[in-house]
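Here the structure comes first, spelled out in structure tokens, and everything after it is commentary.
No value in this document is a laboratory result; all are computed from the given coordinates. This structure is a prediction, so every number in the text was calculated from the model and none was measured. Heads up, the Cβs are rebuilt from the backbone with ideal geometry, glycines too, and the neighbour counts pull from every protein chain shown.
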Amino acid sequence: ELEEAKRLKTLTKAKEPAVTKDGKTYQILANVSGPKEAIISYDNGAEGVGLYRTEFLFMNRDEAPSEEEQYQAYKAVCENMKGYPVTIRTLDVGGDKPIPYLDIPAENNPFLGLRGIRYCLQNTELFKTQLRAICRVSAEYDLRVMYPMVGVIEEVLSANELLREVQADLNKEGIPFSNKMKVGVMIEVPSTIFFIPQLALELDFLSIGTNDLTQYLLALDRDNNSVAKYHSPFHPAVLTAIQEILIRSKEAGIEVSMCGELAGNPKATGLLIGLGLEKFSMNSPAIPKTKEIIRGMNVVDNQTGFQVDSSIRTLEELKKSIGEG
Ligand code: PEP
Ligand code: MG
């Protein structure tokens, strides 16, 4: 019973906002993969979903879910978030996420191949079905859509074109949707760092995917144990990239959040706040702790920006200096 009381107290505290001692509020969102996880994340104090990985709805089955099935699933996540905003990521297949019935051709380098938005733009029926389901839910809930694995601006233009086609169809059929639904992309392919102003012209928000950003920036397979010891989001190059993304997004006037694993790493909270991140999206269990860390800090103490300490020579030393190792 004591345990239960303690648990409830922790959860009550988790539902309160993350405000620093000097009064700055940070938005803490959840990464989820379906309606059940949304319930857990709400209980853990999530103020919305920053990343809904829809590929799980497509996995472990023989054919793609219908528009109706997708509509029900997306709606259920929104329902379970009780009005908080939900960011739905369109299908991110390929690479480490194989789905047999989609029959992606065998590739020598799947992580550099037909992944994420690239697959969807070559399989527009599947993509448009998903967009239709998303648009339908946007009529009733605060829903946003996000494209994964964007590497060139043309992908954004094509995806948005298809989105407009879907909306025009719904309009013709008299099916309600919101024409104010926000659209964004993941910043996880390093090239995107260099055309943030162009992205800002086409989109409403960006979300930093540190898992793939680390993999592609360092050319280190995120799932390969033989190179795992070098794979770290604390690598100075990755941290510098994150800093650049935050600076450039602010300059371009586009909203930016982070949904890669780094966002929920307690060793990174202060660092990310110092770099200027204001919206964090993470796995539910990390939410109460992150909020607690934020409540205990002063923003001004962290606002020194990130500078690679030149006396640090190895990744090992860097990790130690941050307290990761
Ligand atoms: C990422 O790449 O950081 C990310 C959040 O997406 P995923 O882990 O699903 O590839
Ligand atoms: Mg990714």
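If you plug the beta carbon distance of Arg7 and Arg164 into 1/(1 + (r/R0)^6) with R0 = 41 Å, you get a FRET efficiency near 0.30. Once the Cα-Cα distance is subtracted from the 0.36 nm per residue extended length, the Asp221 to Asp22 segment shows a gain of 67.6 nm.
The trypsin sites (Lys or Arg not before Pro) of segment 114-218 that DSSP puts in a loop, and whose beta carbon has at most 10 other beta carbons within 10 Å, are Lys180. The helix-only estimate of mean residue ellipticity at 222 nm for the chain, built from DSSP H runs of length n ≥ 4 each weighted as -39500 (n - 2.57), is -13000 deg cm²/dmol after division by the residue total.
Working note: Karplus 6.51/-1.76/1.60 with θ = phi - 60° gives segment 242-249 the couplings 4, 4, 4, 4, 5, 5, 5, 5 Hz, where Gly and Pro are set to x.
Here, segment 41-169 has an Rg and a Dmax of 14.7, 44 Å when only alpha carbons are counted.
The simple spin-label model puts a point 7 Å past each Cα toward its Cβ; for Asp43 and Lys82 those points are separated by 1.3 nm. Inter-part distance, segment 201-218 to segment 1-71, computed on C-alpha centroids, equals 21 Å. Straight Cα distances below 18 angstrom link Lys279 to the aspartates and glutamates Glu16, Asp22, Glu47, Asp142, Glu188, Asp204, Glu244, Glu251, Glu255, Glu261, Glu292, with same-chain residues fewer than 8 positions distant left out.
Once you order the gyration tensor axes a ≥ b ≥ c over the Cα atoms, which shape class does segment 219-293 get: rounded for a/c under 1.5, otherwise prolate or oblate by comparing a/b with b/c? Walk me through the numbers on the way to the answer.
Numbers: a/c = 2.08, a/b = 1.21, b/c = 1.71.
Verdict is oblate for segment 219-293.
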